[in-house]
Amino acid sequence: MATPQKKGTILVTGAGGYVGGQIVREALESGYSVRITARTESSATRTISHYPSYTSLLSYTLVPDMTVLESYAAAFADGAIVGIVHSASPLVFNPQDNVRDLLDPAIKGATTILEAALKYGGGKVKRVVATSSFAAVVDPEKGTRPGHTYDEKDWNPVTWEGAVKAQKVIAYVSSKALAERAMWAWIDAHPDAGITLATICPPWVFGPYVHVPSRAAALSESVQLLNNIIDSPSIPAFDFGGYADSREVAAAHVRALEVPEAAGQRFLVGQDFRYQAAVDAAREELPEARERLPVGKTGDRTPEDAYHVDGSKATRVLGLKYGTLKDTAVETYKQLFELRALEAKA
Ligand SMILES: NC(=O)c1ccc[n+]([C@@H]2O[C@H](COP(=O)([O-])OP(=O)(O)OC[C@H]3O[C@@H](n4cnc5c(N)ncnc54)[C@H](OP(=O)(O)O)[C@@H]3O)[C@@H](O)[C@H]2O)c1
């Protein structure tokens, strides 16, 4: 049942995505009305249909191009928006053109939403929370970096030139680093805007979608990584050593909108991660996982001496409580097996 809206209306970009969908749920359950942005009418109505108990608290604005300031005028026209969560950013690991497919939408999209809050927000938008990433924290060139613990003080040092030439996942990682840096630079350059920023930097996000996804092809890249292990002979090697649950990531965003001390802060939200540990946990709990996920080397946490991630600031400042990898892995695989069953029937 929808609770009466008490906290005003927030604007959420990327609401049709995996992480954005959970943010919308968390915001609605926390007492906000939510205005989503979407690129098309059909995607807006599809997204809204995922929250049947909350339709009266949901509205949408079409923003066909999030790098164009004027696209946002309508979103603010009624003066209702009191906060923004900017989650939209291309999450693609196979860009044809790094600038067109990743860097421009990520970076210009990130600063345009801040410009829009200033130009159209009527002074009512005090806090913008952005979905950044561990990608903006990690230094990929340092590899497994034994002995290091990543936290919010760390920054991916990639340059624009490096980002333009980067390949595959590193191109995406670079886009997130430069986008977050651009947002902080904008805040520094606009001290009188009356807008504070907080960024959420999760590593791989796993855990459930708000609804069972309808097509494997449309899964977020991170969920696809766990999906690819189904019926595979082997478990992926270490790539990035951290994860966060989609529900925790959503809670962190909504808390960061509200907690005064979150102003001007970035939050690494996450815990250490190994694929083998996720598979072990799912196999322990789910009969279907025992049939369809490879055994691998049960209990293996290779490499034992890779970096760690420290997500404790989110607990201290935002009051975030972390769950277990077991719960995250189980809830992810339950949905993935359901999706496989739906696709098999279709
Ligand atoms: N999944 C992870 O492991 C992970 C980890 C750290 C950070 N993040 C960040 O979390 C956010 C959401 O990722 P996700 O996992 O939810 O991926 P997703 O399911 O692919 O969602 C991406 C969202 O961004 C929107 N978007 C992408 N490119 C856009 C563009 N050029 N213009 C307007 N909107 C655009 C998409 O809009 P449409 O619905 O219209 O396609 C979609 O709503 C991103 O900022 C991502 O970098 C994700």
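Note on region 94-106: among residues that are of a type in the set (D, E, K, R) and closer than 15 Å to W160 by Cβ, the one that is most open to solvent (accessible area, probe 1.4 Å) is R100. Is one or more of the residues making up region 209-222 more than 15 Å from the chain's Cα centre (by Cα), buried (at least 21 other Cβ atoms within 10 Å of the Cβ), part of a helix (DSSP H, G or I) and within 16 Å of the ligand (Cβ to nearest atom)? No - not one qualifying residue is present in region 209-222. When region 228-250 is examined, which residues are found to be small (G, A, S) and either open to solvent by 10 Å² or more (accessible area, probe 1.4 Å) or not in a loop (DSSP other than H, G, I, E, B) (or both)? If the condition is that a residue be small (G, A, S) and either open to solvent by 10 Å² or more (accessible area, probe 1.4 Å) or not in a loop (DSSP other than H, G, I, E, B) (or both), then S232, S234, A237, G242, A244, S246, A250 are the ones that fit. In this structure, D78 does satisfy being over 22 Å from the mean Cα position of the chain (by Cα) and open to solvent by 40 Å² or more (accessible area, probe 1.4 Å).
Just to verify a result, which residue in region 196-208, among those that are away from the ligand (no atom under 14 Å from the Cβ) and buried (at least 21 other Cβ atoms within 10 Å of the Cβ), is farthest from S312 (Cα to Cα)? This residue is L197. Scanning region 107-116 for residues that are open to solvent by 10 Å² or more (accessible area, probe 1.4 Å), under 20 Å from the mean Cα position of the chain (by Cα) and away from the ligand (no atom under 13 Å from the Cβ) returns a single hit, T111. When L225 is tested against the conditions (1) within 13 Å of the ligand (Cβ to nearest atom); (2) open to solvent by 60 Å² or more (accessible area, probe 1.4 Å); (3) among the aliphatic types (A, V, I, L, M), the lone failure is (2). On inspection, V279 does not qualify as open to solvent by 50 Å² or more (accessible area, probe 1.4 Å), among the hydrophobic types (A, V, I, L, M, F, W, C) and either out of contact with any strand residue (DSSP E or B) (no Cβ under 9 Å at 6 or more places or on another chain) or modelled with pLDDT under 95 (or both). Of everything in region 22-49 that is in contact (Cβ under 8 Å) with a residue 40 or more places away in the chain and over 22 Å from A116 (Cα atoms), the residue that is surrounded by the most Cβ atoms within 10 Å (Cβ to Cβ) is Q22.
In region 298-321, the qualifying residues are those that are in contact (Cβ under 8 Å) with a residue 40 or more places away in the chain and over 22 Å from E248 (Cα atoms), and the one that is least open to solvent (accessible area, probe 1.4 Å) is A306. Checking each residue in region 155-195 for being assigned to a loop (DSSP other than H, G, I, E, B), open to solvent by less than 40 Å² (accessible area, probe 1.4 Å) and within 26 Å of G143 (Cβ to Cβ) picks out N156, V158, A166. Out of T47, T37, one residue alone is in a helix (DSSP H, G or I), among the polar types (S, T, N, Q) and either under 19 Å from the mean Cα position of the chain (by Cα) or more than 21 Å from K126 (Cα to Cα) (or both). It is T47. Here L69, L91 are screened, and the one residue that is under 22 Å from T199 (Cβ atoms), open to solvent by 50 Å² or more (accessible area, probe 1.4 Å) and in contact with a helix residue (DSSP H, G or I) (Cβ under 6 Å, 6 or more places away or on another chain) is L91.
Could you say whether any residue in region 252-264 is surrounded by fewer than 22 Cβ atoms within 10 Å (Cβ to Cβ), of a type in the set (D, E, K, R) and assigned to a loop (DSSP other than H, G, I, E, B)? No, region 252-264 contains no residue that is surrounded by fewer than 22 Cβ atoms within 10 Å (Cβ to Cβ), of a type in the set (D, E, K, R) and assigned to a loop (DSSP other than H, G, I, E, B). Among the residues of region 172-184, are any away from the ligand (no atom under 14 Å from the Cβ) and more than 23 Å from V269 (Cβ to Cβ)? Taking every residue of region 172-184 in turn, none turns out to be away from the ligand (no atom under 14 Å from the Cβ) and more than 23 Å from V269 (Cβ to Cβ). Of everything in region 50-64 that is open to solvent by 40 Å² or more (accessible area, probe 1.4 Å) and in a loop (DSSP other than H, G, I, E, B), the residue that is nearest to G109 (Cα to Cα) is P64.
Taken together, the criteria place T324 among residues that are hydroxyl-bearing (S, T, Y), open to solvent by 60 Å² or more (accessible area, probe 1.4 Å), more than 17 Å from the chain's Cα centre (by Cα) and under 25 Å from A27 (Cα atoms). Does T67 satisfy the condition of being among the β-branched types (V, I, T), under 23 Å from H253 (Cα atoms), without any contact (Cβ under 8 Å) to a residue 60 or more places away in the chain and assigned to a loop (DSSP other than H, G, I, E, B)? Here the answer is yes, as T67 does meet what is asked.
The values are calculated or read from the model by the stated rules, or taken from the named source; none is laboratory data. Only a predicted model underlies this, so the values are computations on that prediction, with no experimental measurement involved. Neighbour counts run over all protein chains shown; Cβ positions are idealised from the backbone, glycine included. SASA here: full protein model, heavy atoms, side chains in, ligands and nucleic acids out. Shrake-Rupley method; radii C 1.70, N 1.55, O 1.52, S 1.80 Å.
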